[in-house]
1. Check B:GLY108, B:GLY101 and return the single one that is open to solvent by 10 Å² or more (accessible area, probe 1.4 Å) and either touching a residue at least 40 places away in the same chain (Cβ under 8 Å) or at the interface with chain A (Cβ under 10 Å from one of its Cβ atoms) (or both).
2. Kindly establish whether B:GLU40 is over 25 Å from B:MET466 (Cβ atoms) and either in contact with a Cys (Cβ under 6 Å, 6 or more places away or on another chain) or in a loop (DSSP other than H, G, I, E, B) (or both).
3. Applying the selection to the range B:359-380, what residues are of a type outside the set (D, E, K, R), within 15 Å of B:ALA440 (Cβ to Cβ) and out of contact with any Gly (no Cβ under 7 Å at 6 or more places or on another chain)?
4. Identify, please: which residue in the range B:362-376 is under 14 Å from B:ALA207 (Cβ atoms) and assigned to a loop (DSSP other than H, G, I, E, B) and is, among those, nearest to the chain's Cα centre (by Cα)?
5. If B:SER478 meets every condition in (1) within 14 Å of chain A (Cβ to nearest Cβ); (2) within 30 Å of B:PHE355 (Cα to Cα); (3) not aliphatic (A, V, I, L, M) apart from one, which number is that one?
6. When the residues of the range B:336-359 are narrowed to those that are part of a loop (DSSP other than H, G, I, E, B) and open to solvent by 10 Å² or more (accessible area, probe 1.4 Å), which ends up nearest to B:PHE530 (Cα to Cα)?
7. Among the candidates B:TYR142, B:TYR158, single out the residue that is of a type in the set (Ser, Thr, Tyr), touching a Leu at 6+ places or on another chain (Cβ under 8 Å) and at pLDDT 95 or above.
8. Consider the range B:247-270. How many of its residues are open to solvent by 10 Å² or more (accessible area, probe 1.4 Å), in contact with a strand residue (DSSP E or B) (Cβ under 6 Å, 6 or more places away or on another chain) and either modelled with pLDDT under 95 or at negative phi (or both)?
Amino acid sequence: MSTFELDRRALLGIGAAACAVPLTAAAAQFTGAGMAWQPNTAAWPTAVDLRAGYMFFTPDEAAFIEAACARIVPADATGPGAVEAGVPLFLDRQLAGDYGKGARWYMQGPFGKSTGTQGYQSRHPPAGLYRAAIRAIGDHLGRNGGQPFHKLSAADQDAFLKDLEAGKADLGGDVDAKAYFTLLLQNVMEGYFADPLYGGNRGLAAWKMIGFSGARYDQRAYVLAYGKPYPLPPVGIGGRPAWSAKG
Amino acid sequence: MATRLPAVDAVLIGFGWTGAIMAQELTEAGLNVLALERGEWRDTPTDFAPTFAQDELRYYWRHELFQRLNHDTLTIRNKASETALPMRRLGSFLLGSGVGGAGVHWNGQVWRFLPSDLKARSHNLERYGKKAVPDDMTIQDYGVSYEDLEPYYDKFEYLCGVSGKAGNLKGVIQAGGDPFEGPRAREYPNPPLDMPYAPTLFGQAAAGLGRHPFPHPAANMSRPYTNPLGVQLGACTYCGFCEKYACGNYSKASAQTTILPVLMRKKNFTLKTNSEVVKINLSADGKTATGVTYIDDKGQEFEQPAELVVLSAYILHNVRLLLLSGIGKPYDPATGEGVVGRNYAYQITSSVNVFFDDKILNPFVGAGALGTIVNDFNGDNFDHSGLGFIGGGYVGLLQTGARPIETHNTPDGVPKWGAAWKAALARDYLKTTTISTHGAVMSHRGNYLDLDPTYKDALGRPLLRMTFDFTDNEHKMSDYLTDRAAEIGRAMGGREIKVNYRKGSWDVVPYQTTHNTGGAIMGDDPRTSFTNRYLQSWDVPNLFVLGATAFPQNAGYNPTGTVAALAYHAADAIKTRYLKAPHQSLVQA
């Protein structure tokens, strides 16, 4: 007895999606072929191209993002800030791509309110949530007669971000302030500490600041070196600045 | 219309660890075996080459190694009175996808359950009396004993080249190993990994408190190794991208690095990738599986007849496919009747951070199962009298590689962002380590799996619905374990510690463990179990259901060793008994 019927339109959708993926991702049959290796099929990462400037953020959105980044990871004697490390452009490229679309997330409705333990329940994928939240933040500050976020003093910016974090700022509509801040904070940390391929952690500065070794292959020599500083500077998947003539 | 294909002797649904183990065993017995995997072909040195595998953003945070939830997910809630909502992105557990399954991104933590774990109900009743097991705690015995499984645990450990130190050889306790483990027939195939500074400090502190520290058994190679199938693995290089990542260096055991180089050469084995089974087909009387229906990624539908059907996907998919196929009686929490979806369980974790001022620990030097463990408070290794709970877990210090997006341990009172956060992280990153606890979850009447009434997957099928919360037993047990971890943390002599208890209801957001269990459990009574002791369906004798799906409740150990041992145990029964009398139950109910 069949307890369900497959959705025929959904099946056609799968076929369409398959056209866009590389050869190794297509249905394949293997019999007696061994480990089925083919040349040039390795899935290398793709470095983002930053030359075009912002592709996702509008100028108003960029002003908010740059100001918020500068408070979440400020520039100081400890190390570079998120802005200096390139995090705003990292965020821009993430939101312009598959991540921003929530391509791997389950985004079908209906949309309900989380009990608090059911995780992300916004109807917006990340890009849509940024767009809606930054607009709502501007409206919220404007309604209260204040300046846009990026024109506030650092202390007032911190206070407002703390209100978002605590869910105290009511942004209205379908924007959950706490959910947005949680996502923003996570994404800023991703950009600050990810491999520089993705636009943040410029010059490996965040890894240098904490002492992370980077994309290393062989660390056997350091397992038993108890208490000794790791002697090498960090390295990214694409090498490190000193390897390039341009620095 | 589905295209009907020529029949095969056995069809496997899902091609991770259990699928590969079963395929290897059944092809050795001469069967013509077909494995259907809904994900992609993956070959570790090509797809996860050591030149680019150390990519925290891509593989972990952007989930490239894991199941695509836009295709299908599950819905979640803590109790039946709530409305379940979809898990829209991954968090608490990391479902696998593709050849090798979640066994590609596992740590390589290989454990045996305790002899008493396998008879949790009868053991606890006998030692602590009826009050120790409340009516709504639905724990059961597995129906197999530790002695039954020992040869199969051994077989998996040698397949994987586990690095470790035996603590109990044929009943004789061995210095340097785990004195609480069940007796093993022989030593691990490889010596322990080199132990870094932080787990060494943990071991010294634990020993000073009278505990029994030993190196974690690891499917990460401490030296080059050739397994019994003739497949070679290479020494681990401690790159720190093992836990939640894939290894392209042949240093972590997975289906690809231990079985597939042999299996994939066999003429009587076929693998089809991007082929998703949507239904197990039954005969008109419902007592025989006639094969499966699957679709490929072009949306073409195929009917694949088979003499033997083996369900070898992840536990959540196994349970869902049984429900979607109308096999077995769905569990009803109101009456306690029904078996499919019954006794879903999980694990409960907590941690203690230890901050030093004077010790550089280089936490980024790591491997997936590299660390020091104490089992003094696991299972029933300690007297539970008067504690108000049963079960336990291990306390350990694992140095898996402090990936910098994920590893932001800061002391109590430090905010999560801003200048103060930044200063604390820069000061403490190299000098901080974390003790973790890994606790059992017992099965309870209100924790179960069924089909969601509202949400559908990309094919229009109902999602699985998970109703789960930690109960009083779990919280008391976890708090007790966490206090024991804090004692060791304090004894390590750092500047300060931070104790992270697991409080409140189960939350899908923070990563905890990918150790979901139950839903089609094994046992000796068809009214309370879906399979017999050989993972054979009571109702449909030519259907076997592998994986942690079979666990009547969870233990305080990582499950893969027991998952693999149960698969080998089932395979042996199929080869030596079932094939001589196909379609017959191996156990009379």
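1. Testing whether each residue is open to solvent by 10 Å² or more (accessible area, probe 1.4 Å) and either touching a residue at least 40 places away in the same chain (Cβ under 8 Å) or at the interface with chain A (Cβ under 10 Å from one of its Cβ atoms) (or both) leaves just B:GLY101.
2. Answer is yes for this residue.
3. B:ASN375
4. Among residues in the range B:362-376 that are under 14 Å from B:ALA207 (Cβ atoms) and assigned to a loop (DSSP other than H, G, I, E, B), the one nearest to the chain's Cα centre (by Cα) is B:ASN375.
5. The number of the failed condition is (1).
6. So the residue we want is B:VAL339.
7. None of the other options fit; the residue is B:TYR142.
8. Total meeting the criteria: 1.
The values are calculated or read from the model by the stated rules, or taken from the named source; none is laboratory data. Remember, it's a predicted structure, so these values are computed and weren't measured experimentally. Neighbour counts are summed over all protein chains in view; Cβ atoms, including those assigned to glycine, are modelled from backbone coordinates with ideal geometry. Heads up: the accessible areas ignore ligands, DNA and RNA and are worked out on the full protein's heavy atoms, side chains in. Shrake-Rupley method; radii C 1.70, N 1.55, O 1.52, S 1.80 Å.
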